[in-house]
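Peer 1: So that we are looking at the same thing, I have put the structure below in structure tokens.
What follows draws every value from the coordinates through simple rules; no lab data is involved. None of the values given here were measured: they were computed from a predicted structure. A quick note on method: Cβ atoms are made from the backbone with ideal geometry, for glycine too, and the neighbour counts reach across all protein chains shown.
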Amino acid sequence: MSDLKVTLIQTQLHWENIEQNLRMFDEKINSIKERTEVVILPEMFSTGFSMKSEQLAETMDGSAVQWMKKKAAEKNIIITGSLIIKENDQYLNRLIWMQPNGVAGTYDKRHLFGYAGEHEHYQPGDKRLIAQVKGWKICPIICYDLRFPVWSRNVISPETGAPVYDVLINVANWPERRSIAWKTLLHARAIENQCYALGVNRVGNDGNNIYHSGDSSIIDPLGEIIYRKEHDEDIFTTTLERSRLDEIRKNIPFLKDADKFQVF
């Protein structure tokens, strides 16, 4: 299988302003000069991490999803990040995996951040998404999900004999005051799941005056830091090497020794 080119966009967000954020991300994606295949945006990239679900929610036909569809087709890329979505009279913190052909995969945040009252405004999801591109299998999760390793645990598929996924992506609004946890858990998820772990976080103060230092990262399956950026906005593109992932899994096949379990 071939390598995969990914772009992480670490940025400040315009608080609860969908139009301004979409305009900003349009400009940032237009500024990417090198070829890329997957562009990753933060959690709630059109609003910031807001609990105003009723005021800010859009449907799957809303402006943010339509922008993703248009931009993915225009640039021939996959765009992913989470939005506030209303569906069946429920509010969801939903990650969209938008492909260039307009077909979108979705993942609804499983673990809602009770400390901020997220569970009072949003409905939790109950299904993982395993997206595929160029033979790579991608497992996206959202922010607080990172603290719960069972949910994102990689296993050997009995059907294929291969790990269920190759890349774990976490999109976040993770505050600087808990940045040690963010960095440590990203490391752990990469090592324990024998995968590339990509974390894309925002920077700057949000509307609640909570500061975010970013620390967006790419960690390889052995825990080596390929990329990390603190405090500043950044657009970073790199290549995930398939041969390195396959070699590590071949030489150290410890996923085969993992405990069997079931998630309810």
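Peer 1: Restricted to segment 153-165, and to residues that are of a type outside the set (A, V, I, L, M, F, W, C) and out of contact with any Phe, Trp or Tyr (no Cβ under 9 Å at 6 or more places or on another chain), which residue is nearest to residue 188 (Cα to Cα)?
Peer 2: Narrowing segment 153-165 to residues of a type outside the set (A, V, I, L, M, F, W, C): 153-154, 157-161, 163, 165.
When the remaining residues are screened for being out of contact with any Phe, Trp or Tyr (no Cβ under 9 Å at 6 or more places or on another chain), the result is 157-161, 163.
Values: 157: 21, 158: 24, 159: 26, 160: 25, 161: 23, 163: 17 Å.
Of everything passing the filter in segment 153-165, 163 is nearest to residue 188 (Cα to Cα).
Peer 1: Further question on the same structure: Restricting to segment 100-140, name every residue that is of a type in the set (A, V, I, L, M, F, W, C) and under 25 Å from residue 4 (Cα atoms). Working first, answer last.
Peer 2: First, the residues of segment 100-140 that are of a type in the set (A, V, I, L, M, F, W, C): 103-104, 112-113, 116, 129-131, 133, 136, 138-139.
Residues satisfying the conditions are 103, 104, 129, 130, 131, 133, 136, 138, 139.
Peer 1: I'm told residue 223 meets every condition in (1) small (Gly, Ala, Ser); (2) closer than 16 Å to residue 188 by Cα; (3) touching a strand residue (DSSP E or B) at 6+ places or on another chain (Cβ under 6 Å); (4) without any contact (Cβ under 8 Å) to a residue 40 or more places away in the chain except one. Can you identify the failing condition by its number?
Peer 2: Failed condition: (3).
Peer 1: Continuing with this model, one more query. Within segment 101-112, can one find any residue that is surrounded by 13 or more Cβ atoms within 10 Å (Cβ to Cβ) and out of contact with any Phe, Trp or Tyr (no Cβ under 9 Å at 6 or more places or on another chain)? Spell out how you get there, then give the answer.
Peer 2: Step one: list which residues in segment 101-112 are surrounded by 13 or more Cβ atoms within 10 Å (Cβ to Cβ), which gives 104-112.
Those still in the list that are out of contact with any Phe, Trp or Tyr (no Cβ under 9 Å at 6 or more places or on another chain) too: none.
No, every residue in segment 101-112 fails to be surrounded by 13 or more Cβ atoms within 10 Å (Cβ to Cβ) and out of contact with any Phe, Trp or Tyr (no Cβ under 9 Å at 6 or more places or on another chain).
Peer 1: Looking at residue 214 and the list (1) loosely packed, with under 15 Cβ neighbours inside 10 Å; (2) at positive phi; (3) of a type in the set (Gly, Ala, Ser), which single condition is not satisfied?
Peer 2: Going through (1) loosely packed, with under 15 Cβ neighbours inside 10 Å; (2) at positive phi; (3) of a type in the set (Gly, Ala, Ser) one by one, residue 214 breaks only (1).
Peer 1: Now, a different point. Let me confirm something: among 156, 96, which residue is touching a Leu at 6+ places or on another chain (Cβ under 8 Å), surrounded by 22 or more Cβ atoms within 10 Å (Cβ to Cβ) and not small (Gly, Ala, Ser)?
Peer 2: On the way: 156 fails: surrounded by 22 or more Cβ atoms within 10 Å (Cβ to Cβ).
The unique qualifying residue is 96.
Peer 1: Also, quick follow-up: If a residue has to be in contact with a helix residue (DSSP H, G or I) (Cβ under 8 Å, 6 or more places away or on another chain) and hydroxyl-bearing (Ser, Thr, Tyr) to count, how many in segment 171-204 make the cut?
Peer 2: Of the residues in segment 171-204, 1 are in contact with a helix residue (DSSP H, G or I) (Cβ under 8 Å, 6 or more places away or on another chain) and hydroxyl-bearing (Ser, Thr, Tyr).
Peer 1: A follow-up question, please. Name every residue in segment 46-77 that is without any contact (Cβ under 8 Å) to a residue 60 or more places away in the chain, surrounded by 24 or more Cβ atoms within 10 Å (Cβ to Cβ) and either aromatic (Phe, Trp, Tyr) or farther than 20 Å from residue 14 by Cβ (or both), in order of residue number.
Peer 2: 72, the sole residue that qualifies.
Peer 1: How many residues, within segment 152-170, are under 24 Å from residue 13 (Cβ atoms) and in contact with a helix residue (DSSP H, G or I) (Cβ under 7 Å, 6 or more places away or on another chain)?
Peer 2: Of the residues in segment 152-170, 2 are under 24 Å from residue 13 (Cβ atoms) and in contact with a helix residue (DSSP H, G or I) (Cβ under 7 Å, 6 or more places away or on another chain).
Peer 1: Moving on. Those residues that are crowded, with 23+ Cβ neighbours inside 10 Å and of a type in the set (A, V, I, L, M), I need them from segment 1-17; list them, please.
Peer 2: The answer is 6, 8, 9, 13.
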